[in-house]
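Each remark here refers to the structure printed beneath this line.
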Amino acid sequence: NRMQCCALEIEDIPAYTNGKKFQLDDVIEAQQFDRDTLNAIFEVAREMEKVEKKSPGSQILKDTIRTVEGYSDIIVMRHFESGAARRAAATADIPIINAGDGPGQHPTQALLDVYTIEREIGKLDGIRVGLVGDLANGRTVRSLAYLLAKYQDVKIYFVSPDVVKMKDDIKDYLTSRGVQWEESADLMEVASKCDVVYQTRIQRERFGERIDLYEEARGKYIVDKDVLKVMQKHAVVMHPLPRLDEITVDVDSDPRAAYFRQAKNGLYIRMALLKLLLVGW
Amino acid sequence: NRMQCCALEIEDIPAYTNGKKFQLDDVIEAQQFDRDTLNAIFEVAREMEKVEKKSPGSQILKDTIRTVEGYSDIIVMRHFESGAARRAAATADIPIINAGDGPGQHPTQALLDVYTIEREIGKLDGIRVGLVGDLANGRTVRSLAYLLAKYQDVKIYFVSPDVVKMKDDIKDYLTSRGVQWEESADLMEVASKCDVVYQTRIQRERFGERIDLYEEARGKYIVDKDVLKVMQKHAVVMHPLPRLDEITVDVDSDPRAAYFRQAKNGLYIRMALLKLLLVGW
Amino acid sequence: NRMQCCALEIEDIPAYTNGKKFQLDDVIEAQQFDRDTLNAIFEVAREMEKVEKKSPGSQILKDTIRTVEGYSDIIVMRHFESGAARRAAATADIPIINAGDGPGQHPTQALLDVYTIEREIGKLDGIRVGLVGDLANGRTVRSLAYLLAKYQDVKIYFVSPDVVKMKDDIKDYLTSRGVQWEESADLMEVASKCDVVYQTRIQRERFGERIDLYEEARGKYIVDKDVLKVMQKHAVVMHPLPRLDEITVDVDSDPRAAYFRQAKNGLYIRMALLKLLLVGW
């Protein structure tokens, strides 16, 4: 049950694969086609979000899904409520991709993160990953922790302000899968041990009226030159972007700053995912 | 002068028709082409609406039309003022499609509604149609009533709260065309006699400050299981979507609930209309 | 160093040029291709503007550019800060097109304006141009004055309310290039001497809280039938559109009203620019 983003078998689609194994490179070459598809799909996603925001409620969501699936081959859905994509998938007869459901999950980000780790570090089994920042509301780190549990001998360090700690559902899942994890308040020590330091933004909108908690949380753990100094030569800094000031600018020029390469991988992974769902494997 | 959405003659466009009669199926097959065209066109329509909302007034509209027609082969226009599409068409040298002009008309919706009735009921001449809900501000029912007058021996029942009755311009037109119509306060009786029960949403924004009138109007005529019970076996429930609570959810699973099929027809009818105007017949 | 929009040499792109000189007509023929490209590009531009508005600041801009260039071949950027496109170009490894940077510059508009003057008047060397309206905040007239300085024996008249006079940076540049210019309060006299009367809109948003200054500025110099009467037979009225009331409607039917032809040229010039940057010359 190992996920392989970069070597899926594909058949009978001569225009794109010429009978060879499905490679990300083929997707990259076919960019023009897939980029149009992506644009059209995300347009639908944005429209749906607008509709949903006007009149939230699960019946409206069901109607929207049933209407949109009349025009579409696949639905990419971003939604402000945790669980909305799951509800949509229960209604739809076509594939639903969860492109972020509020503070819930962001699985396509996790796919590109895992792909980036494999490209940057050369392996996924046995890696040490530090997840830093808002772990309570950050859906990308929740999905990444979940996906890392599919690999062997992974260890995860959670480094976050007290008010935004990783929630129990993910911790329990990791434990049930035999994944080692621990919480730490010492970013320097974690950074010195990890293959990946995964920094995230503290998002003001997740705190509602509690500006005091937001101010308390942000700025506590910053990735800067001092953190780079203790990191190993082969290790990398990742970030889902956009960033505010949680990674200082002078980190950008270090070859271990992987976040812009990571962002670029997102295009290819999402193309691959769409192709997989639209044309099969 | 009978409108035929499904069998227009077309010639000399071998790529799409292979010398056969123009069929909706050909449009459906050619979806990729037309869907791109649709997207581009609706993008322009949305932009125009933004421009118009910023500085309404007929001179601005004329300038916008003259500017946009410099870039375009056709203009699809949604506008908040009744009559705006007609004014635009007087200015433009390219085709204008009215995609809804405030509380005025929504002719492409009427085309898809008529197409849906023909597919669902198998005929248009001789049908009985109940139009339900906000008939004063609902542009879709105004256009549908108008278009139904092109067929023979049609009877229309208007079922609406007193504050949002069908306006005299449409009633007078129907009378002048020899179309039978009557107003009724008894949804159950109308439903038992009709081939089509066409429900519409009561839109809050049409009432301005008069929330009291809105509250009075909505909820008065709901299509639910009890209405289904009195409807004939071959009859259908239609709705332009989105709905709020004017059709209860338990109606959806009845095969006579035609509204999601109706929505899907909208894509094909609009493709056909664009192709007709862009490549001729 | 003369700029030639209409006869750039291009080679080895047989699909579009058939081995001939690169002509705007070829771009026009290839519209479908380029229009898609344009749409995709402007979509990115709009998204970037949203991101920028949320959290302005030069670091955020750099991050955005580095992220977007991972997905793109070229970036067209509209921004609310003067100088933003220059900062972006310093960061990016791919071409940046400035599509308007606040009150700074709007170079693609200047390109289409110069192209329009050449088509309408038949020459650029030796022309007399009156720039009218908000010359302090109007980025289109700033860029046009700058670009006209590339031609020989040009004379520019600035006609504007006192509060929105042309700024010194452009005046100094014109002087340094040996371009004659003068300020005038007499629109009629300027109009009688010029080949081009270039009218611009007084934009309320450029005045912030100072509605009094806005009201003072607008309406001072209007292009109407009386202005047309003193203009020469071969001269033209231009405007970047949209207009409010600074050109009266009765001017539209005069063959010297060139502004809708000018708007249409914008599509072709931008296509040509994109093709030039994407496929070379």
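Computed quantities for the displayed model
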{"read-out": "In region C:196-233, the residues that are over 13 Å from C:Asp134 (Cβ atoms) and of a type in the set (Gly, Ala, Ser)", "value": "C:Gly208"}
{"read-out": "From the options C:Gly138, C:Gly133, C:Gly126, residue that is within 21 Å of C:Asp172 (Cα to Cα) and surrounded by fewer than 16 Cβ atoms within 10 Å (Cβ to Cβ)", "value": "C:Gly126"}
{"read-out": "Residue list for region A:217-234, filter: outside any loop (DSSP other than H, G, I, E, B) and among the basic types (Lys, Arg)", "value": "A:Lys225, A:Lys229"}
{"read-out": "Members of region C:166-180 that are in a loop (DSSP other than H, G, I, E, B) and in contact with a strand residue (DSSP E or B) (Cβ under 7 Å, 6 or more places away or on another chain)", "value": "C:Met166, C:Val179"}
{"read-out": "All positions within region A:235-250 that are over 22 Å from A:Glu205 (Cβ atoms) and either assigned to a strand (DSSP E or B) or charged (D, E, K, R) (or both)", "value": "A:Val236, A:Val237, A:Met238, A:Asp250"}
{"read-out": "Verdict on C:Arg204 being in contact (Cβ under 8 Å) with a residue 24 or more places away in the chain, farther than 20 Å from C:Arg261 by Cα and of a type outside the set (Phe, Trp, Tyr)", "value": "no"}
{"read-out": "Any chance A:Tyr268 is in contact with a helix residue (DSSP H, G or I) (Cβ under 7 Å, 6 or more places away or on another chain) and assigned to a loop (DSSP other than H, G, I, E, B)", "value": "no"}
{"read-out": "All positions within region C:225-252 that are within 14 Å of chain B (Cβ to nearest Cβ) and of a type outside the set (A, V, I, L, M)", "value": "C:His239, C:Pro240, C:Pro242, C:Arg243, C:Asp245, C:Glu246, C:Thr248, C:Asp250, C:Asp252"}
{"read-out": "Residue list for region A:239-259, restricted to those being closer than 14 Å to C:Ile60 by Cβ and among the hydrophobic types (A, V, I, L, M, F, W, C)", "value": "A:Leu241, A:Leu244, A:Ile247, A:Val249"}
{"read-out": "Filtered residue count, region A:181-194, keeping only those that are out of contact with any strand residue (DSSP E or B) (no Cβ under 9 Å at 6 or more places or on another chain) and assigned to a strand (DSSP E or B)", "value": "0"}
{"read-out": "Residue match in region B:189-208 (condition: in contact with a His (Cβ under 9 Å, 6 or more places away or on another chain) and of a type in the set (Phe, Trp, Tyr))", "value": "yes"}
{"read-out": "Odd one out for B:Ala263, checked against (1) at the interface with chain A (Cβ under 8 Å from one of its Cβ atoms); (2) in contact (Cβ under 8 Å) with a residue 60 or more places away in the chain", "value": "(2)"}
{"read-out": "Residue within region B:186-193 that is buried (at least 20 other Cβ atoms within 10 Å of the Cβ) and out of contact with any helix residue (DSSP H, G or I) (no Cβ under 8 Å at 6 or more places or on another chain) present", "value": "yes"}
{"read-out": "Single residue of region B:152-165 satisfying the filter (assigned to a helix (DSSP H, G or I) and among the hydrophobic types (A, V, I, L, M, F, W, C)) that is nearest to B:Phe80 (Cα to Cα)", "value": "B:Val164"}
{"read-out": "Sole exception among (1) buried (at least 20 other Cβ atoms within 10 Å of the Cβ); (2) over 19 Å from the mean Cα position of the chain (by Cα); (3) not β-branched (Val, Ile, Thr) for C:Asp245, by number", "value": "(1)"}
{"read-out": "Residues of region B:195-216 satisfying the condition of being under 21 Å from B:Val249 (Cβ atoms) and either among the aromatic types (Phe, Trp, Tyr) or in a helix (DSSP H, G or I) (or both)", "value": "B:Tyr198, B:Arg204"}
{"read-out": "Selected residue (criterion: surrounded by the fewest Cβ atoms within 10 Å (Cβ to Cβ)) from residues of region C:251-260 that are in a helix (DSSP H, G or I) and free of Cβ contacts under 8 Å to residues at least 24 places away in the same chain", "value": "C:Phe260"}
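Read the figures in this text as sums done on the coordinates, not as results from a lab. This one's a predicted model, so the numbers in the text were calculated from it and none came from an experiment. Cβ: placed from backbone, ideal geometry, glycine included. Neighbour counts: every protein chain shown.
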